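Worksheet for the structure shown next.
The values are calculated or read from the model by the stated rules, or taken from the named source; none is laboratory data. Worth saying up front: this structure is predicted, and the values here are computed from it rather than measured. When we count neighbours, we look across all protein chains shown, and the Cβ atoms used for this are built from the backbone with ideal geometry, even at glycine. Heavy atoms of the whole protein, side chains included, go into the accessibility calculation; ligands, DNA and RNA do not. Shrake-Rupley method; radii C 1.70, N 1.55, O 1.52, S 1.80 Å.
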Amino acid sequence: MKNEKPGLYIHVPFCQSKCVYCNFYSITSINLIPQFVAALIKEIKLSKGTFNSFDTIYIGGGTPSVLTCGQLAEIIVAINKFYKIDGKAEITLEVNPGDVSIEYFKTLRSLGINRLNIGTQSFDDKILNFLGRRHNANEARRAIRDARTAGFKNLGIDLIYGIHGQSINLWKKTLAEAISFRPEHLSCYQLALDESTPLYKKYHEKKIKESSENRQKKYFFTTAEELEKAGYIHYEVSNFARNNNFRSRHNMKYWRHMPYLGLGPAAHSFLENRRWWNVASVKNYMAILARRKMPVESEEMLTAEQLKLEILFLGLRTGEGVDLKLYRQRFGADLLTDKKNIIEPLIKNKLLEVKNGHLRPTLAGMAVADSLALI
Ligand code: SF4
């Protein structure tokens, strides 16, 4: 953590089509991409000053792989022109299996992108179809192989579990196939039903039964067991790495409450005690930048108490937990005493433990990390 720089997030708000479970901000008007790229480059330039250098860049979305290599090159050139990027920076691109080829991957490498997250979600066509994904299982397999052939040595596979029609055995099969590619990183997310999505409607019109809490826990523990058996480190509730060097350095900054700059519509930024976020509309974003103004929608200033709670609950999502020494240095207080009323019952219930100077979640604690944040 020492000497770490802030992270840069770029939100590419376009998808060829919307998946039925998705609550990320993205639109399907891909004809707007050239204007969006021009606006983003303006934002990169106008943002200079708040942050000067980064050691991680994460290009997410949406579907960043709807951009051509030429458009990605323009963005990366602009970032390098206005910011100092660490020589060993982790530079990640999220890709959709249906969009990519060996040639595309090779060009990404030549642009300096050194890490890929492949939005695989499942190796079962029925499940992919249910989720409204554009790609099929064979395209996902081919994308993973092509990324390796193109020379990517840091590859992440994203999967989803807890889906209607997905038995625990079917999920295990998907996990086994993912493991067979020996990815450096795996993200396994539980399907979340957000009220704004068509999938939520489908479930709540009683067409589909939601997984029970017990069943969701079964998926969670099965995932942890299978991946740990395969040698992966369970370093965050939904994230696993082949070793500590392959943890997502960028996402670790969020969980460690470190500063980051987010550019693009709906992107969030954080520095010291200030959080601000951009307008969640591509059209407004472009219109504001055309006037050479920052496309910020709003901001909040966190109180010391809010900061303490965020550090606690973000840290408790991770295997490393909260560093007690760092907490003391930052707030001049002992976390275990400061938040005794929250922490003590959780330790008693074996959801948290103190180990090597860190307050950490146990596996049972990780399974309920989302509800811990509501305490
Ligand atoms: S590709 Fe990703 S961002 Fe786009 S609609 Fe599907 S889940 Fe959402």
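Assorted remarks:
- Test: residue in region 54-63 that is charged (D, E, K, R) and open to solvent by 20 Å² or more (accessible area, probe 1.4 Å): no
- Cβ-Cβ distances below 6 Å connect the following pairs, each with a first residue in region 124-138 that is more than 12 Å from ILE163 (Cα to Cα) and assigned to a helix (DSSP H, G or I), a second residue that is modelled with pLDDT of 95 or more and open to solvent by less than 40 Å² (accessible area, probe 1.4 Å), and a separation of six or more residues or different chains: ASP125/ALA137; ALA137/PHE123.
- Residue match in region 148-168 (condition: over 21 Å from GLU236 (Cβ atoms) and among the basic types (Lys, Arg)): yes
- Applying a threshold of 6 Å to beta carbon distances and a minimum spacing of six or more residues, or different chains, the list of pairs starting in region 56-84 at a residue that is within 23 Å of VAL100 (Cα to Cα) and ending at one that is of a type in the set (S, T, N, Q) and in a helix (DSSP H, G or I) reads CYS69/THR107.
- Scan of region 92-127 for residues that are away from the ligand (no atom under 11 Å from the Cβ) and among the hydrophobic types (A, V, I, L, M, F, W, C), ordered by number: LEU93, VAL100, ILE102, PHE105, LEU108, LEU111, ILE113, LEU116, ILE118, PHE123, ILE127
- Residue within region 86-93 that is closer than 30 Å to ASN244 by Cβ and small (Gly, Ala, Ser) present: yes
- Positions within region 271-296 being part of a loop (DSSP other than H, G, I, E, B) and of a type in the set (Gly, Ala, Ser), in sequence order: ALA280, SER281
- Tally, over region 11-47, of residues that are under 16 Å from VAL279 (Cα atoms), open to solvent by 30 Å² or more (accessible area, probe 1.4 Å) and within 16 Å of the ligand (Cβ to nearest atom): 4
- Considered as a group, the residues in region 241-267 that are out of contact with any Ser or Thr (no Cβ under 6 Å at 6 or more places or on another chain) and among the aromatic types (Phe, Trp, Tyr) include one that is nearest to ILE85 (Cα to Cα), and that residue is TYR260.
- Filter result (part of a loop (DSSP other than H, G, I, E, B) and either over 19 Å from ALA241 (Cα atoms) or modelled with pLDDT under 95 (or both)) within region 152-180: GLY162, ILE163, HIS164, GLY165, GLN166, SER167
Every residue, every condition in (1) in contact with a Leu (Cβ under 7 Å, 6 or more places away or on another chain); (2) of a type outside the set (Ser, Thr, Tyr); (3) more than 21 Å from THR107 (Cβ to Cβ), yes or no:
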residue: LEU32; (1), (2), (3): no, yes, yes
residue: PHE36; (1), (2), (3): no, yes, no
residue: ILE44; (1), (2), (3): yes, yes, no
residue: GLY61; (1), (2), (3): no, yes, no
residue: THR68; (1), (2), (3): no, no, no
residue: GLN71; (1), (2), (3): no, yes, no
residue: VAL77; (1), (2), (3): no, yes, no
residue: LYS81; (1), (2), (3): no, yes, no
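- Just one of (1) more than 19 Å from the chain's Cα centre (by Cα); (2) crowded, with 23+ Cβ neighbours inside 10 Å fails for ARG109. It is (2).
- Looking only at residues of region 344-365 that are in contact (Cβ under 8 Å) with a residue 24 or more places away in the chain and in contact with a Ser or Thr (Cβ under 9 Å, 6 or more places away or on another chain), we find that the one that is surrounded by the fewest Cβ atoms within 10 Å (Cβ to Cβ) is ARG360.
- ASN3 exposed (fewer than 14 other Cβ atoms within 10 Å of the Cβ) and modelled with pLDDT under 95: yes
- Residue list for region 153-162, restricted to those being surrounded by fewer than 23 Cβ atoms within 10 Å (Cβ to Cβ) and more than 22 Å from PHE14 (Cα to Cα): LYS153, ASN154, LEU155, GLY162
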